Amino acid sequence: MDFTYDDEQQALRESVRGLLATAYADHDARRRAVAEDPGFDRTLWGRLAEMGVLGLPFSEDHGGVGAGPVEIGIVCRELGRVLAPEPYLASVVHAGGLVAAVGTPEQKADLLGRLSAGEIVLAAADTSPGGRWAAQADGVRASESGDGWTLSGVADPVVGGAFADHLVVTAALPDGGTGAFVVDASAATVTGYAAADLTRAASVRFDDSAATPLGQPGRDLTASIATISDLTRILGANQALGVMESQVRATTDYLKTRKQFGVTLNTFQALTFRAADMYVSLELATSVVDWATMTIAGGDRDAVADAADRVGLQVSRAGRHIGQEAIQLHGGIGMTAEYAVGVGTAHLEVLDQWLGNGPHHLRRLSERVTDHDLVEALS
Amino acid sequence: MQLELSPADAEFRTRMRDFFTTKVPQEIRDAVLEGRHLTRDQIVESQRALNAEGLAVPHWPTEWGGQDWTDLQRHLWHEEMQRAGVPIPLAFNASMIGPVLAQFGSQEQKERFLPATANLDIWWSQGFSEPDAGSDLASLRTTAVRDGDDWVVNGQKTWTTLGQHGDWIFTLVRTDPEVKKQAGISMLLIDMTSPGVEVRPIELIDGGHEVNEVWFSDVRVPGDLLVGEPGQGWTIAKFLLGNERVGVAPVGATKRALATLKKTAAAQMDDPLVRARVAELENELLALELTALRVVAHSAGGEPHPASSVLKLKGTELQQAVSELALDLAGPASLAARADDDSPQEGWARRSAPTYLNLRKASIYGGSNEIQRQIISRTILGL
């Protein structure tokens, strides 16, 4: 049992941190990046490709690096620390994860190779308007005609979809079940918009859009789709953890320097005690994030699903607590768009509502609560 | 990063689990698992069973019965013990005065007291808090004045847990009123049968007799029962209160209490709100347990991990939260708290209100949770 990074993992963290520190030296750089299309820094995206970061999850056969979940988690955590708007989680972890899980060898080599090289951006279209974290598709339907497959329906929000080259779409199959398809973005109507944290998402309409089945055509992929969502939930929790780390640090720094009534704010115990509670939430969340990330390596699908619910609930609770307190302890400045703290709170909510919020995970855990005697931390 | 225990640690855990579930009397374990009070004899019997196997004081120096385990092994020992319903070795002996004597005591004191302390032949009480010295312990006023080779002690201690069972009491006393308040404190070992020692019970809100006042009136204490040097008491007290990394949070006991509640209150487990409360608590306990594991796996150089304060703070909150859930699930049956044993109400329900009330102490003793927040904000966050 070991909760520390090895030398290579530390080196990865330092190099990613260094690269991001250059691209997003301050919050202004992030504001500039999200102010213009495509809503992220394409130069940085290219550098991440050169470093091998975009190919981390994928096997070397498919142009990737073949790294484990801990390495991917490190990247997500670093991205979170600077509120990076790059669609790593959406494009690499989620959409790329779907391709890696269910695609044919040819599809993997093609799509994952180009994704790893930074040549294309993918986005997963798996949510219908009003939908709530279901692996079964209900907003988009697949049809098979003589010469191939087409999709019809609407997916929204498609995170990272505004500037994706290809969409990985989950769609209801004619004979029941859910399949996955690759659609060229030009074959659909993509309407981009900014979420509350100014990262980009899209509403995507398919009208008999030509689609290529991922993997064996017509097969029900619900279980694999659910597992990739669980993996994305866990890695999204890493990203949220990075956001929270920055918020706790920014808040303590602010309490040490901001003066009111002629003294710095850390003179007031009413404030320092609240900062202490933020630290408690951060430490507890860190433990569960690390645990859930390590659970992925075990490879057991049910264990990963359980870990996703547990880390989802923990990070959701911690995010609400830290995100709200970070703004409150900063006062008015925390409300402004020019300051990172409040935008971080927005980012935490976007991650949470996209990947699975607290009540959702609590409901799922509640359903299973009598299936076990104790929750075992160590198997 | 790796989740699995090493084969050696996994084997160690199995060995602990086997011992605790087979070698400690079932009757004692049942009492713990059901949340009933233990008698003095049961606590002594259990600790002696552990001590016979070298499992009562594994964190002591090996020459005095310690095991030279890693912190992780001690954590596993501690968790498995709680999980099996084995009473934790008496803290005053095993966690407090034992390590203090091993570190600061004279050779004579070690030989006289340590074996008897490990085996609970001597039941120690703690004489720290006073009516005007709680969190501000350094303000204590009990005095010890030199008279020939002896010290003469006068004053009052309070909140002395299980002092009614105590044979000896390790006591912080003021030996020098002239110097800075921390520098004038010493630790004396006092035989509780000495003339002038009086133990008076304090009745608590749960109706139980758990704590006491201990009064000292011209109590003569031989000079060789001072620990360390005169004036070293504050250093010793800080060592005693701060050297613990394992078992800071009652993780195993709280997990077990919640698991037991799921069974005893099974009739209410169909209620979605109840299920949600249990699921939320289980998740918080998982976070706590994992944090405890991080602390024990990665504490360097004998210094307490800074996150120890997190464990105390959150651990006591969750301990209290589980008792709140038990009380809510008991409902009207909880009113039978002081009914006779032939009450038609179930035992767990009858114990729920006293337990809830009793556990309010958890966020007060051992450095109140406000003190823990102070430690976090000052020491960790630098505020």
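Each reported figure results from applying straightforward, stated rules to the coordinates on display, with no laboratory input. Computed from a prediction, not measured in an experiment: that's the story for all the values here. In this analysis, Cβ positions are derived from the backbone assuming ideal geometry, glycine residues included, and neighbour counts consider all displayed protein chains.
Odds and ends about this structure:
- Karplus-based coupling profile of region B:313-327, in residue order and whole Hz: 4, 6, x, 6, 4, 6, 4, 5, 5, 5, 5, 5, 4, 4, 5, with θ = phi - 60° in 6.51 cos²θ - 1.76 cosθ + 1.60 and x standing for Gly or Pro.
- Theoretical ellipticity at 222 nm over chain A - DSSP helices of four or more residues, -39500 (n - 2.57) apiece, nearest 500: -16000 deg cm²/dmol
- Inter-centroid distance (Cα atoms) of region B:33-69 relative to region B:308-353, Å: 27
- The Kirkwood radius of region A:7-120, taken over pairs of alpha-carbon atoms, gives through the Stokes-Einstein law at 4 °C and 1.567 mPa s a diffusion coefficient of 91 µm² s⁻¹.
- Ranking A:H321, A:A308, A:S366 by how far each Cα lies toward the positive end of the dipole of region A:222-367 (charges on Cβ) leaves A:H321 at the top.
- Euclidean distance of C-alpha centroids, region A:242-286 and region A:42-107, integer Å: 33
- Value of [θ]222 nm, deg cm²/dmol, for chain B, DSSP H segments ≥ 4, -39500 (n - 2.57) each, nearest 500: -13500 deg cm²/dmol
- Residues B:L240, B:L76 arranged by fewest to most Cβ contacts within 10 Å: B:L240, B:L76
- Loop-located GluC sites (Glu not before Pro) in region B:324-383 (DSSP state other than H, G, I, E, B) with a sparse environment of at most 16 neighbouring Cβ atoms within 10 Å: B:E346.
- Per-q log10 I(q)/I(0), region B:242-376, q = 0.18 Å⁻¹ (Debye; single scatterer per alpha-carbon; no solvent): -0.98
- Remark: mean inter-chain Cβ contacts per residue of A:247-256 equal 2, using a 10 Å Cβ-Cβ cutoff to other protein chain atoms.
- Across chain B, the convex hull enclosing all Cα atoms gives 156 Å³ per residue.
- Put simply, region A:123-213 fits an ellipsoid with semi-axes of 22, 14, 9 Å; these come from the alpha carbon gyration tensor as the roots of five times its eigenvalues, largest first.
- A simple spin-label model places pseudo-atoms 7 Å from Cα toward Cβ; at B:K180 and A:M51 they are separated by 4.8 nm.
- Cβ-Cβ distance of A:S15 and A:E36, R₀ of 45 Å, FRET efficiency by 1/(1 + (r/R0)^6): the value works out to about 0.95.
- With θ taken as phi - 60° and the Karplus curve 6.51 cos²θ - 1.76 cosθ + 1.60 applied, the whole-hertz 3J(HN,Hα) list for region A:112-126 is 6, x, 6, 5, 4, 7, x, 7, 10, 10, 10, 9, 8, 9, 9 Hz, x standing for glycine and proline.
- Label point distance in nm, B:F239-A:T4, each placed 7 Å from Cα along Cα→Cβ: 2.7
- Dipole magnitude (debye, nearest 20) for the protein assembly as shown, charges at Cβ of Lys, Arg, Asp, Glu: 1540
- Straight-line reach from B:K181: taking Cα to Cα under 21 Å and skipping same-chain neighbours fewer than 8 places apart, the lysines in range are B:K157, B:K238.
- Charge tally in the Cβ shell below 15 Å around B:V44, where Lys, Arg are +1 and Asp, Glu are -1, B:V44 excluded: -3
- Charges were assigned to the Cβ only: +1 to each Lys and Arg, -1 to each Asp and Glu. The resulting dipole of chain B about its Cα centre is roughly 780 debye.
- For region A:220-379: rounded, prolate or oblate by the Cα gyration tensor [a/c cutoff 1.5]: prolate
- In angstrom, the C-alpha Rg and Dmax of region B:7-89 are 12.6, 38.
- Region B:124-229 shape via C-alpha gyration tensor axes, a/c threshold 1.5: oblate
- All lysines inside 23 Å of B:K23 as judged from Cα atoms, apart from same-chain residues fewer than 8 positions distant: B:K255
- Evaluating 6.51 cos²θ - 1.76 cosθ + 1.60 at θ = phi - 60° for every residue in region A:310-322, the Karplus couplings come out as 5, 6, x, 5, 5, 6, 5, 5, 5, x, 4, 5, 5 Hz, glycine and proline recorded as x.
- Calculated FRET value between B:A138 and B:S217, using beta carbons and R₀ = 30 Å, to 0.05: 0.80
- Estimated D of the protein assembly as shown in µm² per second, where Rh is the Kirkwood radius over Cα pairs and Stokes-Einstein applies at 20 °C, 1.002 mPa s: 74
- When B:I202, A:I327, A:I296 are arranged by Cβ crowding within 10 Å, least crowded first, meaning fewest neighbours, the order is B:I202, A:I327, A:I296.
- Ranking B:A116, B:T160, B:P131 by how far each Cα lies toward the positive end of the dipole of region B:114-205 (charges on Cβ) leaves B:P131 at the top.
- Chain A - percent relative contact order, Cα under 8 Å, separation 6 or more: 15
- Across region B:191-237, Cα pairs under 8 Å and at least six residues apart give a relative contact order of 31 percent.
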